[in-house]
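Chemist: Take this structure, written in structure tokens, and hold onto it; I'll ask about it next.
What follows is calculated from the coordinates using simple rules that are stated; it is not laboratory data. As the structure is a prediction and not an experimental result, all values here were calculated from the model. Because the Cβ atoms are built from the backbone with ideal geometry, glycine has one as well, and the counts that use them run over all protein chains shown.
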Amino acid sequence: MGHLARWAVRRPVLAIVTFFLTFAVIGALGARFPGDMKDSFDLKGTESQVAQNLLAETSGGQAATGASATVVWGVENGAVTDASVQDVMTPKLKEFAALPGVACVTSPYGQTYGSDCPEQQQAASPFPLPADIQAKIDKAIAAATEATSPISPDEQVAYATITFTSSTDIPVETARTILDDVEAMNGQDGITVGASGQVLAFAGTEPPSSEAIGILFAIVILLLAFGSLVAAGLPIVTAVFGLGAGLSLVTFTANFFTVATFAPTLAAMIGLGVGIDYALFIVNRFRQAVQAGHDPKDAAYESVKTAGRAVQFAGTTVIIALLGLFVLGIGFFNGLAVAAALTVGMVMLSAVWFLPALLSLLGDKALGLRMPWARKHKQWHPEGGRWAHYGRMLQRRPWLYAIASVVLVLVMAVPFASARLGFPDDSGQPTGSPARVAYDLMADGFGPGSNGPFFIAVQLPSALDEDSLRSLIRDLNETPGVARTIPNEAMVPVSVKQHQTITAVQVIPETGPQDPVTDQLLQRLRTETIPRAEEGTTMRAYVGGATAVSQDFTKVISDALPVFLAVVIGLGFLALMLLFRSLLVPLIGALTSLLSLGAALGVVTAVFQWGWGASLLGVTATGPIMPFLPIMVFAILFGLSMDYQVFLVSRMHEEWHHTGDNALSVRRGLAGSGRVVAIAAAIMASVFLAFIPTPEDTIKLFGVGLATAVLVDAFIVRLVLVPSLISWIGPRTWWLPKWLGFLPEVHVEAEGSDDEIVDDDPELVGAH
């Protein structure tokens, strides 16, 4: 990429033209061959995945094509079967059936409404059956009707199922109408009404344009930093072009990888943040060179030799950290890793190709349209600026600042010690919300476990093997913690089909899906009940369901985590050791990254699990932390923290190489890069925070987690802890054993760069 950047400086017009042509082709590729994105947790080798695969076979591999929602209602007095209740609910169900995108509404009162309802077929034997067999079948049908009834046994609760024509293209107006009508009906005529379903989850809030909000924040910060409208706009333009190309590649990549539906938003969040930051470092270096008296074209070349090389190193580090997710062996992570890595790669390419060409072409105009608050630049000595003074302050008591910063970060990490990993459900929704009302009504009418049943895939020794199935069902119902099963023993004669050896058993726990007792029940089923039922037979049973998937997902991640950490941290350690020819610098970089991660996860736990400040951030649901969050945040954070480590410590290392004075190196490193690192972190955190208002909880989690991680890592770890530690340790910081002297030297700052260019600029508002 270095040759590309230098060519862009020498031939700016040609470089810009080829850039647009290349990125246009990339955009057309994504538009012409878009892949389908889906939230698939394919956990190969886990019991829940085996269960899911077997259950798919029971329907001939066909899965339901349309999404669904549930409307639940209950009464305190009377029964849901009363005519007065039916007169209220039935017309409303008919209205829902007439909404755009609705295929069918199945009423608990025995009717279906809609244009695409499945035909109800009455199973009938082609010939008369013996009386005893017919009686047995009739009894089983009656038992099945009772067990699967959408009306609770006490007739206090009932539910209707709304099936949509598509699983993705559901009109927002339809979902919002259902939610609004349910909220309006709730409490009227003595009826409590709620509604649940993922399709309704995003209808209550209009998703904001988070990218635009993030860009707006970035523009404000850049204007304050540069005092120039053009200079502030260049990083934005560069990042947006790179982001567009990256998202096009993400769309195209979905043809080959399992890419989650929220992956483009996550990629946009990361790509926009790092893209603006990378362009910021290059523009800032260009401005420094111009203000130091360099010709604009020479300044553009200087920015390529220095900041450009640092951007390449930093971007490559982020990509390696993201691709390290492949060692987990989980397709879900592979798709997220590729999506984020491609986006980072494109914004990095835009920063070292498009931006240098623009700087070379614009020349002095790249710093034009100065703001009223921008002051005329005056030269600063490396030892005379605010960041150098800040460095002197740290060096008076480096041990004190190092210990204080570590203690502060550890305190922030404390909540994560109590974190529960899992997939949240509607139990964490605000009291009175439609989803929470529906959850509570289902728990009251059908038992807490009805909100999170287990699904057991059973492989019978032979078709129509009623005895084996009945024995398993009996053992399941006798297991402590099991409320009931569907089918029960009475339903067995109609639960197995001719020529079918695979059947499903639904197990409803006595407790809710988030209750630790339910987790214990899962382990009891897998380790005690099912093995006992299988003993001496060829029958095999596998437990699946949302709770089982959550536990299996967490276990898979836990088992693979040591390998992942070893790969990512090991590669990062090696890269920093080659760059700084030191053992302590990469060790400090790796360990301090873990501190930043702990603080971020602690804040996430406090907000999303404990509920601290949740309302201020627009968080409507609290519960367990999604199991993939910690590892994804670490992958992203490790790359970003290495960025700041490189940009900051590389300046210290260059000064150490020239002066041999450790204390002087720390101060000049802070003077050279401290300000731009602070600005970059502020921009990136602003971009991440801009995604918090989105209605998708996953993106909220990442927004809070990554924003916290960046702020802690930049302002506490990199700008306080790291310089304090290097000052405290002294010259030994740069020690490398002689037996490692064969290692090649890697330079971020090109040989012969202008070391007198510093970043301690008085143009920031309030500078004097």
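Chemist: Residue by residue through segment 559-574, which ³J(HN,Hα) values in whole Hz follow from phi under the Karplus form 6.51 cos²θ - 1.76 cosθ + 1.60 (θ = phi - 60°), with glycine and proline marked x?
Modeler: Coupling constants for segment 559-574: 5, 8, 4, x, 5, 4, 4, 4, 5, 5, 5, x, 5, x, 4, 4 Hz.
Chemist: What is the order of Thr251, Thr18, Thr145, fewest Cβ neighbours within 10 Å to most?
Modeler: Thr145, Thr18, Thr251
Chemist: About the Cα centre of the chain, how large is the charge dipole given +1 on each Lys and Arg Cβ and -1 on each Asp and Glu Cβ? Please answer in debye to the nearest 20. Provide the component values of the computation, followed by the final result.
Modeler: Working: 45 positive and 65 negative charges, 742 e Å.
Dipole size: approximately 3560 debye.
Chemist: Find how much the distance from Leu4 to Asp295 grows on full extension, using 0.36 nm per residue of separation minus their present alpha carbon separation; answer in nm with one decimal. Mind showing how you got there, number by number?
Modeler: Working: separation 291, 0.36 × 291 = 104.76 nm, distance 2.07 nm.
Full-extension gain reported as 102.7 nm.
Chemist: Please find the FRET efficiency linking Phe326 to Leu410, where r is the Cβ-Cβ separation and R0 is fixed at 30 Å, and quote it to the nearest 0.05. It would help to have the intermediate numbers written out before the result.
Modeler: On the way: r = 31 Å, r/R0 = 1.04.
E between Phe326 and Leu410, to the nearest 0.05, is 0.45.
Chemist: When the dipole is taken about the Cα centre of segment 68-196, and only Lys, Arg (+1) and Asp, Glu (-1) are charged at their Cβ, what size is it in debye, to the nearest 20? Could you put the intermediate results ahead of the total?
Modeler: On the way: 5 positive and 17 negative charges, 70 e Å.
The dipole of segment 68-196 has a size of about 340 debye.
Chemist: Against the longest principal axis of the chain, how steep is helix 131-147, in degrees 0 to 90 to the nearest 10, with axes from Cα atoms?
Modeler: The helix 131-147 is inclined about 40 degrees to the chain.
Chemist: Return the calculated 222 nm mean residue ellipticity for the chain, to the nearest 500 deg cm²/dmol, obtained by summing -39500 (n - 2.57) across DSSP H runs with n ≥ 4 and dividing by the residue count.
Modeler: Values: 25 runs with 425 residues, N = 768.
After summing the helix terms and dividing by residue count, I get -18500 deg cm²/dmol.
Chemist: Scan around Ser228 for amide H atoms under 5 Å from its own, H built in the peptide plane at 1.01 Å from N, and keep only partners 5 or more places away or cross-chain.
Modeler: Met371
Chemist: Can you run phi through the Karplus equation (6.51, -1.76, 1.60; θ = phi - 60°) for segment 151-159 and list ³J(HN,Hα) in whole Hz, with x for Gly and Pro?
Modeler: 10, 5, x, 8, 6, 9, 9, 8, 9
Chemist: Once amide H atoms are built 1.01 Å from N in the peptide plane, which residues 5 or more positions from Leu464, or in another chain, come under 5 Å H to H?
Modeler: When sequence neighbours closer than 5 places are left aside, the close amide H contacts are Lys497, His499, Gln500.
Chemist: Taking θ as phi - 60°, what are the ³J(HN,Hα) couplings along segment 353-361 by the Karplus curve (6.51, -1.76, 1.60), each to the nearest whole Hz, with x for Gly and Pro?
Modeler: With the stated coefficients, segment 353-361 comes to 10, 5, 5, x, 5, 4, 4, 5, 6 Hz.
Chemist: Among Tyr159, Val88, Gly114, flag the residue with its Cα farthest along the positive direction of the charge dipole of segment 68-196, charges on Cβ as +1 for Lys/Arg and -1 for Asp/Glu.
Modeler: Gly114
Chemist: Please rank Cys104, Cys117, fewest neighbouring Cβ atoms within 10 Å first, as an exposure proxy. Working shown, then result.
Modeler: Details: Cys104 19, Cys117 15.
Fewest-to-most ranking of Cys104, Cys117: Cys117, Cys104.
Chemist: Taking the chain as the reference, fit the longest principal axis to its C-alpha atoms, fit the long axis of helix 398-413 to the helix C-alpha atoms, and give the angle between the two in degrees, 0 to 90, nearest 10.
Modeler: Roughly 20 degrees, rounded to the nearest 10.
Chemist: Please list, ordered by chain and number, the residues whose modelled amide H lies under 5 Å from the amide H of Gly544; skip anything fewer than 5 residues away on the same chain.
Modeler: Those lying under 5 Å, H to H, from Gly544 are Phe455, Ile456, Ala457.
Chemist: May I ask you to sort Thr694, Thr70 by Cβ crowding, counting other Cβ atoms within 10 Å and putting the fewest first?
Modeler: Thr70, Thr694
Chemist: Suppose every Lys and Arg Cβ carries +1 and every Asp and Glu Cβ carries -1, with no other charges. What dipole size does segment 450-504 come out with about its Cα centre, to the nearest 20 debye?
Modeler: Rounded to the nearest 20 debye, it is 160 debye.
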